[in-house]
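Enquirer: Got a structure here, written out as structure tokens. Questions coming.
Derivation of every value follows stated rules applied to the coordinates shown; laboratory data play no part. Since this is a predicted model, take the numbers as computed values, not measurements. Neighbour counts run over all protein chains shown; Cβ positions are idealised from the backbone, glycine included.
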Amino acid sequence: MLRTKKDKDSTMMQGYMTCPRRALLTYILCLRPEEPSIHLVFGQALHKAMEVFYWPSPPCFDEERVNQAIAAFLAHFQTEYSLDCEEYAPKTASNGIRLIRRYAETYKELDPSEYQTEAIEIGGNVFLDSEGKHSLWFTIDMILWQMSNSQYMIFDHKTTKGSFTQSWMDGWKNKFQLYTYNHVLHCLHSPELVKGIIINGLCVNDPPKRTKAGQPYANARDICFMRQWIYHPPERMEAWRQTAIYWCERFDADIDQLDTPSARSDTWLKAFPHNFEACTHYFGCPYLGLCQQWTNPLHHVDEVPFGFTKYEWEPDKKAREAQTQFDALSTKQEEGNQEDGQQARTPDSID
Ligand code: SF4
């Protein structure tokens, strides 16, 4: 199976920018490791729990919601891992439950008094240029309305373990995905109503070891939280938009090359070049063995190597499912502007 459509989302573009060859194997040949990723599953399960706290609006952290959030977390976690699996500690079911309870305790006063939830899981397709040549599918976790300053913000949950290191926090500042979300928010609302992005940091650890007296050891780590505000002014957003278009054009040119007779017959494939400097990024590239053996992956499109599986990568599917809510939000915004006597502001850069 060779998927040669040119539709894109932020995750795929991030993958392409990291290593075009890896993007080819993941999104064009649609191969992925058979083993689930605990980091992905644990993070997604916590997303499910957060949805319960923040929807319906206003946010609520009473005991009933806490129990519902734990149930949502466990239901997702169990799709891939047993509840007693300790192999990937601290990313375990028991620590997930502790984190959810601790989160409710930490934010039960602040969040209901400060935020209203505008939308969760909204999706669509946002244009990058006025000609409509380039666009990105997106699905945003959550948009909140901050009451104290009357502004909208993207609320994005990010999970880590150990501690919130400086490099972890810095990593979000120029994240392609977060620029895309910010672009969407700007298409929905006028600039003075946009606060930007809040990273809702969730850090999981095993319960701290304690002394005989029952006190945690000094420097013992436990579950903790942080929130980081990221704001991109218009000139930085424009620089991102131009950069995004540059990478989209490169991707499209690589896709076009796949369709040439030489691409299929050559010993090595010129399109989707390797970035050998990325092979050890983030736990190491799972495609290392394949990448070394397959000098031209187009000779292997129908193969499913040991340890891999074929999957359907359809960036528009989830976004389309979430688009209904997005359309409702756009209409509401348009009606609000008309009531205010303003010229109707349609999100004309969004499909
Ligand atoms: S092993 Fe390295 S060059 Fe090959 S796909 Fe992975 S990151 Fe790219």
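Enquirer: What residues have an amide H closer than 5 Å to that of M142, excluding those fewer than 5 places away on the same chain, when H is modeled at 1.01 Å from N in the peptide plane?
Expert: Hits under the 5 Å cutoff: E121, F155.
Enquirer: Residue by residue through the range 215-230, what is 3J(HN,Hα) from phi via Karplus (6.51 cos²θ - 1.76 cosθ + 1.60, θ = phi - 60°)? Round to whole Hz and write x for glycine and proline.
Expert: The phi angles translate into 8, x, 4, 4, 6, 5, 8, 9, 4, 8, 9, 8, 10, 10, 8, 10 Hz.
Enquirer: Rounded if a/c is under 1.5, else prolate if a/b is larger than b/c, else oblate: which is the range 258-321, with a ≥ b ≥ c the root eigenvalues of its Cα gyration tensor?
Expert: In terms of gyration-tensor shape, oblate.
Enquirer: Another question, then. Which one, I143, P90, I197, is farthest towards the positive end of the dipole of the chain when Lys and Arg carry +1 and Asp and Glu -1 on their Cβ?
Expert: Going by the charge dipole, the pick is P90.
Enquirer: Count the net charge of all other residues whose Cβ sits under 15 Å from the Cβ of Y88, scoring Lys and Arg as +1 and Asp and Glu as -1.
Expert: -4
Enquirer: Another question, then. Please label the shape of the chain as rounded, prolate or oblate, based on the square roots a ≥ b ≥ c of the eigenvalues of the alpha-carbon gyration tensor (a/c under 1.5 means rounded; beyond that, a/b larger than b/c means prolate, else oblate). Numbers along the way, then the final one.
Expert: Details: a/c = 2.03, a/b = 1.15, b/c = 1.76.
In terms of gyration-tensor shape, oblate.
Enquirer: So how do E235, E314 line up by other beta-carbon neighbours within 10 Å, fewest first?
Expert: Ascending Cβ contact count within 10 Å gives the list E235, E314.
Enquirer: Report ³J(HN,Hα) in whole Hz for each residue of the range 232-249, in order, from the Karplus equation J = 6.51 cos²θ - 1.76 cosθ + 1.60 where θ = phi - 60°; Gly and Pro get x.
Expert: Those phi angles translate into 10, x, x, 5, 6, 4, 5, 4, 5, 4, 5, 5, 4, 4, 4, 6, 5, 5 Hz.
Enquirer: Kindly write out, for the range 64-75 in residue order, the coupling ³J(HN,Hα) from the Karplus curve 6.51 cos²θ - 1.76 cosθ + 1.60 (θ = phi - 60°), rounded to whole Hz, with x marking Gly and Pro.
Expert: In residue order, the calculated couplings are 4, 5, 4, 5, 5, 5, 5, 4, 5, 4, 5, 4 Hz.
Enquirer: Further question on the same structure: Counting Lys and Arg as +1 and Asp and Glu as -1, what is the net charge of the other residues whose Cβ lies under 12 Å from the Cβ of F225?
Expert: Charge balance in the 12 Å sphere: 0.
Enquirer: Turning to a different aspect of this structure: Could you please rank R22, R32, placing first whichever residue has the fewest other Cβ atoms within 10 Å of its Cβ?
Expert: Least crowded to most crowded, the residues run R32, R22.
Enquirer: Could you pull out every residue, at least 5 positions away or on a different chain, whose amide H is within less than 5 Å of the one on C279? Hs are placed 1.01 Å off N in the peptide plane, and Pro or chain starts have none.
Expert: It is none; the list stays empty.
Enquirer: Something else: Is there a pair in K8/K317; K91/K317; K5/K158; K6/K270; K6/K318; K161/K317 whose C-alpha atoms are over 20 Å apart, and which pairs would that be? Mind dumping the intermediate values first?
Expert: Working: K8/K317 12 Å; K91/K317 29 Å; K5/K158 30 Å; K6/K270 18 Å; K6/K318 17 Å; K161/K317 31 Å.
Correct reply: K91/K317; K5/K158; K161/K317.
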